[in-house]
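J.: Below you'll find the structure I mean.
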Amino acid sequence: MAMSFFPSRQITFYMAKLFLVRTLAVLLMLVLILQTLDLLGESGKILGVAGNDEGDLWRYIGMRIPQLIQRFLPFSVLLGTLITFTTLSQNSEIVSMKAAGLSAHQILAPMIIASLFVAAFSFVFNDTIVAPNSAKLKRWQDVEYGQIPKDDGIRNNVWVREGRDFVQARTVSGKGVATKLQDVRVYQRNSGSLTRVIRADTGSFVDGAWKLEKVRIFDVQGAAQERFESLVVGRGIDPKRFEQKKVDGDAMGFIPLSKAVDEMKASGRRTSALEGNLWHKISGPLSAVLMPLLGSIAAFGLARSGALFLRAVIGMGLGFAYFVADNFALAMGNLGAYPPYVAAWAPFLLFLLIGETVLFRTEE
């Protein structure tokens, strides 16, 4: 048994079942309480809109509950871990396992594997359920729970980068070769310095380039302005690059967000915050695997020694410290202070090493 990664089959299923049942119970309790509190705050806004009724409250609940499950599933795994380990320790089951020759990692193995299934479920759930519902709820909240208008296909304040130059269109309508630009500005640069600003009332795609109408060109260095009826610029800028809308990483699944990031990179737009969000869609669900490791300090030590409560508090402190570090890293990534990979993965790897260090120094 000492050479096996897992304990016996009976112990493996027993511990995995305890862990999953307690995690689910904690998750249901948290979601029920938080949804009730959230609904108390939002029900007045929803019912305050003419035409909304009880059905709209259930509609809100159906879109809000997936978000709560996504946000609090890692917390539930942490609390489920602590409850499971505390119960096993109080009943001297951990002591019995160690007396039978099991190492700390073997005792943890069933819960680590169970948490991998939780992480896989979380990733699929976030991609297929949470992201679409988040997009719907965001659109509904933007109109203050009123009637959602149909998409007219008009994009506002679109930026495209071509080499060193930037093109801004205040309004973009149509698609493909029928794309029309309104209130266009072209910022031409040389060696990082702005040299000319081209302004036009309209722009259209003609023969592989953009024809601007009613053009004003301001020469920055000479402080002079010229006017033209029309001007052709931007040869090689595909109309599809003007079709991009504002990308909300929380409202998109992993693959659609990955494609959106690639398209934004091609148009020269900044994507570091979205890349951090993209990789956090993997590292976030994987945080469930860390919770048994960080909470394992509550498993070992004699219950009668009086330190069980202290161990549980330390385990909870380590788990919540991870969530703080994770949110901090994402915030720094959004500001551009951390590279996307560091923002998404550094807290996970750091607390993985911390958990293993604590486990080795205390038990192995």
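The values are calculated or read from the model by the stated rules, or taken from the named source; none is laboratory data. Please read all numbers here as calculations on a predicted model, not as lab measurements. When we count neighbours, we look across all protein chains shown, and the Cβ atoms used for this are built from the backbone with ideal geometry, even at glycine.
J.: Only residues in the range 210-223 that are surrounded by 14 or more Cβ atoms within 10 Å (Cβ to Cβ) count as the first member; pair them with residues that are modelled with pLDDT under 85 and not in a strand (DSSP E or B), Cβ under 7 angstrom, at least 6 apart or cross-chain, and list the lot.
T.: As it stands, the answer is 210/234; 210/237, since those pairs meet every condition given.
J.: Test of understanding: among 139, 199, 155, 170, which residue is basic (Lys, Arg), in contact with a strand residue (DSSP E or B) (Cβ under 8 Å, 6 or more places away or on another chain) and surrounded by fewer than 15 Cβ atoms within 10 Å (Cβ to Cβ)?
T.: After ruling out the rest, the residue left standing is 170.
J.: Only residues that are without any contact (Cβ under 8 Å) to a residue 40 or more places away in the chain and surrounded by 19 or more Cβ atoms within 10 Å (Cβ to Cβ): list them for the range 10-45, please.
T.: The answer is none; no residue qualifies.
J.: So residue 128 clears everything in (1) at pLDDT 90 or above; (2) crowded, with 20+ Cβ neighbours inside 10 Å except one condition, right? Which one?
T.: It fails just one condition, (2).
J.: Which ranges mark the helices (runs of 4 or more DSSP H) fully within the range 47-160 that have 1 or more residues being aliphatic (A, V, I, L, M), in contact with a Gly (Cβ under 7 Å, 6 or more places away or on another chain) and not assigned by TED's automatic domain parsing to the domain that holds residue 33?
T.: The helices (runs of 4 or more DSSP H) meeting that bar number zero.
J.: Does residue 84 satisfy being touching a Phe, Trp or Tyr at 6+ places or on another chain (Cβ under 8 Å) and not aliphatic (A, V, I, L, M)?
T.: In short, yes.
J.: Another question about this same structure. Looking at the structure I just gave you, is residue 338 among the hydroxyl-bearing types (Ser, Thr, Tyr) and modelled with pLDDT of 90 or more?
T.: So residue 338 fails the test.
J.: Can you run down the residue pairs with Cβ atoms below 7 Å, 6 or more apart or on separate chains, where the first is in the range 320-349 and in the same structural domain as residue 295 (by TED's automatic domain parsing) and among the hydrophobic types (A, V, I, L, M, F, W, C) and the partner is at pLDDT 90 or above and outside any helix (DSSP H, G or I)?
T.: Qualifying pairs under 7 Å: none.
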